[in-house]
Amino acid sequence: MKPAPFEYHAPTTPAEAVDLLSGLGDGAKVLAGGQSLVPMLALRLAVFEHLVDVRRVEGIRGIERQNGTVRIGAGTTQAAIERSPEVAAAVPLLARATPLIGHFQIRNRGTLGGSLAHADPAAEYPAVALALDAELEILSAQGTRRVRAGDFFTGLWTTAVADDELLTAVTFPVWAGRGGFAVDEVARRHGDFALAGACVAVGLDGEGRVDRCGIGLFGLGPVPLRAPAAESAAWGLAAGDVDPVELGRAATADLAEVPDDLHAPADYRRRVGAVTVARAWRRAVEEAQGG
Amino acid sequence: MDQPTLTAGTTRYAGARIARVEDARLLTGHGTFVDDVVRPGMLHACFVRSPMARARIVGVDPAAALGLPGVVAVFVAADLNPDVHESWYTSMGAAMPDPPKPPLAEGEVRFVGDPVALVVAVDRYVAEDAVDLVALDLDPLPPVVDYRTARESEHLVHEAYPGNVAGEIGGMPAEMLAPAFDSAAHVTSATIHQQAYLPVPMETRGLVAEWEAAGGELTVWASTQSPHEVRMFGARLLGLPEHRVRVIARDTGGGFGQKVLPMREDMCVLLAARKVPGALKWIEDRRENLLTAGQSRHEHATVRVALDEDGALVAAEIDHVQDVGAYPMPWPVHAGAAVGVFFPGAYRVPKARFSYTGLYSNTVGRTAYRGPWQFESVAREVVLDIAARQAGIDPIELRRRNLLRHGELPYTNASGMAYSDVTPLETFEHALGLLDLDGFRRQQADARATGRLLGLGTSSYIEPTATGMGFYGTEGATIRIEPSGAVNVYVAGGSCGNSLETTVVQLVADALGCDIADVNTIQGDTAVTPFGAGTGGSRSGPMLAGAVAETAAGLRDRIVAIAAHKLEAAPDDIELADSRASVRGTPAAGLSLADIAAAAYFEPASLPDGVPPGLEASGRYHARAMSVWANATHVCTCEVDPETGLVTLLRYIVSEDCGPMINPAVVEGQIAGGSVQGIGGALYEHLAYDAEGNPLSSTLMDYLLPTIAEVPVIEYGHVETPAPNPGGYKGVGEGGAIGAPPAVVNAVADALAPLGVTVTQLPLSPAAILALIAEAGGGAAS
């Protein structure tokens, strides 16, 4: 199909971008990598009178190691994140989630900011941001505000970013000490959206007890989810005393709106969601104990 | 049998993996597909399609669309449908009962996607904008979505078909086989279900139709498997003299049965072509292709097989019911009956019967798809594994006891099909040898001990190819050796990936003793080539070989006679090789084909008595047999993850017998493509509808095709049993899609058998597999 007619804008500074967004109202949409938006426009599932292409906007690309955090520009491509030694060393959960995103062609164009702002519930990056309590920077004509990942995803394909705002950067905490990080997902084919998936970050203290834990779930609701019940169940236990299967069950027991569609009914997603939590947990703990 | 032979001397090209003639242009982006055709003043078409599965058409208002700048016309049923002169397919004949086929929907829409109006605009973008502006007033009606309950429904898809029955046919009545079943040591019954799926050609449907009013000529660039069918059907449709309709098919990106016949959209574009001021182009997009090009494979059957105490088959029966959608290709009964007739397959089955029922539904109509009758292999191979397990026999052993072997041929099966020159058991053993059956069973047992589920599945089939019947039974060729010595071969074509440009030059080069670089082929233009039925029915290899044999033999004799005369040698002493004629023993003294051609055209007085001037010939091959039988065995191993239901294919092996091979690379390409389509059908592809008849898989995000990441490297074994026709070649195009689904299903079933699971339904999605495990009482997470 061909998209409906639209006006195309290509600002070069963040200020110009948010000025445009503020002036054009809700008939305008930010275009970054286009890997989700362009197919939707072509199928006419979404119609926008104005596209504001942010690929030439300065200052919203790049990976910066700061004190105890890594700050990544929203316009940074997934491919750049995949190649980055800083991210691999300092935010392994993000690095390990990246190769699971579609195919390399998609990652050459798709961006960190685009993935988070589109907020597909089956996407990896939103769950990683949740699991690590990342902080998101949002720019408007009034200035920058910061939103925690836990407050960012507000509904199906809906985030805290308003129509006149632009997501500009995401800051991830660097976990010090003994940590383990793993992502596991179940998809029909290589590169497909996950039917269910989990990302697990676990930190162990000197005695091998869990002193830090973040479990993010994707594909299991209209938004990415944390698993607070499972996390608090594991907290304080010796890593070896945590039963991964029980942990998986705890993480998925109370899920309310598990998707049900042609590819999998809800109970299948819930079951394999538990399996992905268990598998990711095992790998993360193995890494934390070895390190 | 007096069939002409195919080779002038030693075969040089046939049998070799010659690089494809087509590749140079296709792999560098220089092919000419229909969307590459640009004509001056060309306009673009887009269809308004029904959003409902069934509704009464109250009104179609084009006013707002006509007001959009760039819109040239909006046609509704009243504009196009009355212009139909005759509407029937040459390949089926005028007398074949035709399911309804209005170009645009009138009265009622009958499936989501049913074309209701045709918008013509200056480009496709504007056309799509205009489609959104056409006001469709529809009065919803209750749709018949599930064909399995269509017979009992109070609602009719088509008024003229009570019970929604498109047709029924049967072999002998069930009572006649009852004694065989009643007295058998083992009887196994199962109901096997296959989902709707479809060919997904890389190039969707499309055509450009250009009417030139001054001369009254219509030129059609078509994405088609049969340019001549498009011409003949189109000329009749529009009431045009046939010689004023020219159909050109350059490159076509996949057909698989979806492009064998002009469909309703093609009819609309042809009918509209004379009403618009420029060439009219319609290119289907992927969503339309998945919504409206047609569905296949949607059927189920209750099957029963009976074994004696030694595991020999004594009887088999299939009661088969098929979904034909709302507007199927004609004629469903004929195509559907093939399932029952071929059900006994390549096995020794003394008694068999079948019944067939085709039912309409408010979904897209059934279309042909590579081996349209392949459900006979799905049903048979799956139930044979079930029967084996129930009788306590290894499924491999059951095959060994019952597969036909070359030595016992000819064999007439229970349906009256007479098989000859096939090797079912031989390909079975060959494939298992390539696998290392014992090695796999050890691997399987070791894996089982650690909780991993590995499985092995086989499927063996026999398929009819290169039929000699009707429209398909002959193939013509014209060979012109030009005055320059260039050899040009004209055949009808219809290639959509079948490598016909390569195989035909291999054959002609051998037949005339030419260097292959001197041979060219011209295909896909009805103004230029002889009539041919096109591709389909696994016919092209054998039929082209026959056409070349018929045509080249006489030309070769003339070349030899001219050379003998000029070289003062006996014709028997003349050798043809590398586009030269020489006397045996003195290769340096000879004449080039260019020299001979120059003499034939420019110095006819120098030719020997009885040899006519020029070097051109036309011939037409008649295939004698109703079918040239080909066979193969597919073997598949897999691992099933019991926690997620995901299936990983480990090895995929095909031992096939298509006789000698014109080009082994082409044969393997055909097998690979068909096998991947079959793997897709077994595990991934599903053209699904919801309860209201809304399609659920209208993009490639939801309609899942296997990619190279899902398919192992396919291993090939070749058995070569010649058929009686020229060259001994048999068809091979459809086999992969027939053999693959049951091999994959059986592999999964073998992996799950220790859990007490029986598999009777496709596709085997991960959710379906976990549900089967849970139902059988297994399946807690590890």
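The values are calculated or read from the model by the stated rules, or taken from the named source; none is laboratory data. Note that the structure is a prediction, hence the values are computed from the model and not measured. Cβ sites come from the backbone with ideal geometry, for glycine too, and all protein chains shown count toward neighbours. Keep in mind that these areas ignore ligands, DNA and RNA; they rest on the heavy atoms of the full protein, side chains included. Shrake-Rupley method; radii C 1.70, N 1.55, O 1.52, S 1.80 Å.
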Which residues in the stretch B:489-507 have a backbone N closer than 17 Å to a point placed 7 Å from the Cα of B:ARG17 along the Cα-to-Cβ line?
B:503
Which is farthest toward the positive dipole end of the stretch A:63-173 among A:HIS103, A:VAL161, A:ALA119, measuring Cα position about the Cα centre, with Cβ charges +1 (Lys, Arg) and -1 (Asp, Glu)?
A:HIS103
In nm, give the distance between the simple-model label positions of A:ASP26 and B:GLU397, each being 7 Å from the Cα along the Cα-to-Cβ direction.
7.1 nm
Computed label-point distance, nm, for sites B:THR586 and B:LEU68 using a 7 Å Cα→Cβ extension
7.8 nm
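Working from the pairwise distances between different alpha carbons, so that the mean of 1/r is found and then inverted, what is the stretch A:178-290's Kirkwood radius in Å? The partial results should precede the final answer.
Numbers: mean 1/r = 0.0722 Å⁻¹.
Value: 13.8 Å, from the Cα pair sum.
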Considering Cα pairs under 8 angstrom that are at least six residues apart, work out the relative contact order of the stretch B:658-777 and quote it in whole percent.
39 percent
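Using +1 on the beta carbon of Lys and Arg, -1 on that of Asp and Glu, and nothing else charged, what's the dipole of chain A about the Cα centre, debye to 20? Numbers along the way, then the final one.
Values: 28 positive and 36 negative charges, 145 e Å.
In total the dipole reaches around 700 debye.
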Which value, in Å² rounded to 10, gives the accessible area of B:ILE248 with a 1.4 Å probe and all protein chains present?
20 Å²
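Considering only protein heavy atoms and a probe of 1.4 Å, how much of the accessible area of the protein assembly as shown is carbon and sulfur, as a whole percent?
On the way: 20720 of 38950 Å².
Within the protein assembly as shown, the accessible surface is 53 percent carbon and sulfur.
When the helix-only estimate is applied to chain B (DSSP H runs of n ≥ 4, each -39,500 (n - 2.57), divided by the residue count), what is the mean residue ellipticity at 222 nm, nearest 500 deg cm²/dmol? It would help to have the intermediate numbers written out before the result.
Values: 19 runs with 215 residues, N = 782.
Helix-only estimate at 222 nm: -8500 deg cm²/dmol.
Evaluate the charge dipole of the stretch A:7-53 about its Cα centre and quote only its size in Debye, nearest 20, assuming +1 on the Cβ of each Lys and Arg and -1 on the Cβ of each Asp and Glu.
Around 220 debye, computed over the stretch A:7-53.
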Could you work out the mean projected area of the convex hull around the alpha carbons of the stretch B:332-382, in square nanometres to one decimal?
4.2 nm²
Under a Gaussian network model of chain A whose springs join Cα atoms within less than 10 Å, the largest fluctuation of A:GLY102, A:GLY273, A:GLY248 belongs to A:GLY102
Placing +1 on each Lys and Arg Cβ and -1 on each Asp and Glu Cβ in the stretch A:178-290, then taking the dipole about the Cα centre, the residue among A:ALA264, A:ALA274, A:LEU217 whose Cα reaches farthest towards the positive end is A:ALA264
For B:LYS281, counting only lysines whose alpha-carbon sits under 27 Å away and dropping same-chain residues fewer than eight positions off, the answer is A:LYS2, B:LYS101, B:LYS259
Just want to confirm a number: the relative contact order over chain A, from Cα pairs under 8 angstrom separated by 6+ residues, in percent.
16 percent
Place a point 7 Å from the Cα of B:VAL122 in the direction of its beta carbon; the residues of the stretch B:62-89 whose amide N falls under 11 Å from it are B:69-72
With a Cα-only, solvent-free Debye model of the stretch A:62-146, what are the log10 I(q)/I(0) values at q = 0.19, 0.21, 0.22 Å⁻¹?
-0.84, -1.03, -1.13
Collect residues whose amide H, placed 1.01 Å from N in the peptide plane, falls under 5 Å from the amide H of B:TYR689; neighbours closer than 5 in sequence don't count.
B:LEU696
In vacuum, with every alpha carbon of the stretch B:388-529 counted as one equal point scatterer, what does the Debye formula give for log10 I(q)/I(0) at q = 0.15 Å⁻¹? Two decimals, please.
-0.92
In the stretch B:736-771, accessible area falls by at least 50 Å² from chain alone to full assembly (1.4 Å probe) for B:ALA767, B:LEU770
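Could you give the Stokes-Einstein D for the stretch B:629-782 in µm² per second, using the C-alpha Kirkwood radius, 10 °C, 1.306 mPa s?
On the way: Rh = 16.9 Å.
Value of D from the Cα-based Kirkwood radius: 94 µm²/s.
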Please report the accessible area of A:GLU287 (heavy atoms, 1.4 Å probe, ligands and nucleic acids excluded) in Å², nearest 10.
60 Å²
Provide the FRET efficiency to the nearest 0.05 for the A:THR13-B:ASP36 pair, computing r from the beta carbons and using R0 = 45 Å.
0.60
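Over all directions, what mean area does the Cα convex hull of the stretch B:271-376 project, stated in square nanometres?
Working: hull surface 36.6 nm².
Averaged projected hull area, Cα only: 9.1 nm².
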Distance between the stretch B:139-181 and the stretch B:201-216 - C-alpha centres, whole angstrom
38 Å
Inverse mean reciprocal Cα-Cα distance (Kirkwood Rh) of chain B, Å:
27.9 Å
What list of ³J(HN,Hα) couplings, whole Hz, do you get for the stretch B:277-284 from phi and the Karplus terms 6.51, -1.76, 1.60, once you set θ to phi - 60° and write x for glycine and proline?
x, x, 4, 10, 10, 10, 10, 6
Would you give the gap between the C-alpha center of the stretch B:649-722 and the C-alpha center of the stretch B:493-529, rounded to a whole Å?
27 Å
Over the Cα atoms of the stretch B:380-423, what is the Rg over Rh ratio if Rh follows Kirkwood?
1.06
With θ set to phi - 60° and the Karplus curve 6.51 cos²θ - 1.76 cosθ + 1.60, what are the ³J(HN,Hα) couplings of the stretch B:247-259 in order, to the nearest whole Hz, using x for Gly and Pro?
10, 10, 10, 7, 8, 10, x, x, x, 6, x, 6, 10
Send over the semi-axes of the stretch B:570-706's equivalent ellipsoid, whole angstrom and largest first, taken as the square roots of 5 times the C-alpha gyration tensor eigenvalues.
57, 21, 15
Using a Förster radius of 51 Å, what is the FRET efficiency between B:LEU141 and A:ALA46 based on their Cβ-Cβ separation? Nearest 0.05, please.
0.95
Could you run the numbers on buried accessible area between B and A, total for both chains, 1.4 angstrom probe, in Å² to the nearest 100?
2500 Å²
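Roughly what percent of Cα-Cα pairs across the stretch A:7-53 reach past 14 Å? The partial results should precede the final answer.
Values: 502 of 1081 pairs.
The share of Cα pairs beyond 14 Å in the stretch A:7-53 comes to 46 percent.
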FRET efficiency, 1/(1 + (r/R0)^6) with R0 51 Å, evaluated for B:LEU27 and A:ASP254 via beta carbons
0.40
For the residue pair B:HIS158 and B:ALA185, what label-to-label distance in nm results when each label sits 7 Å from Cα along the Cα-to-beta-carbon direction?
4.9 nm
Find the eigenvalues of the gyration tensor of the Cα atoms of chain A, then list the square roots of 5 times those eigenvalues as equivalent ellipsoid semi-axes, largest first, in whole angstrom.
33, 22, 15
Taking amide H atoms as placed 1.01 Å from N in the peptide plane, list the residues 5 or more away in sequence, or in a different chain, whose amide H sits under 5 Å from that of B:GLU463.
B:ALA630, B:ASN631
In whole Hz, with x marking every Gly and Pro, tabulate ³J(HN,Hα) for the stretch A:230-238 from phi via Karplus 6.51 cos²θ - 1.76 cosθ + 1.60, θ = phi - 60°.
5, 4, 6, 5, 7, 4, x, 7, 5
If you add up the charges near A:LEU262, with Lys and Arg at +1 and Asp and Glu at -1, over every other residue whose beta carbon is less than 10 angstrom from its beta carbon, what do you get?
-4
How large is the Rg to Rh ratio of the protein assembly as shown when both quantities use alpha carbon positions and Rh follows Kirkwood?
1.01
If one computes the Cα centroid of the stretch B:269-334 and of the stretch B:569-621, what distance in Å separates the two points?
51 Å
Working only with C-alpha atoms, what are the Rg and Dmax values of the stretch A:234-277, expressed in angstrom?
12.5, 41
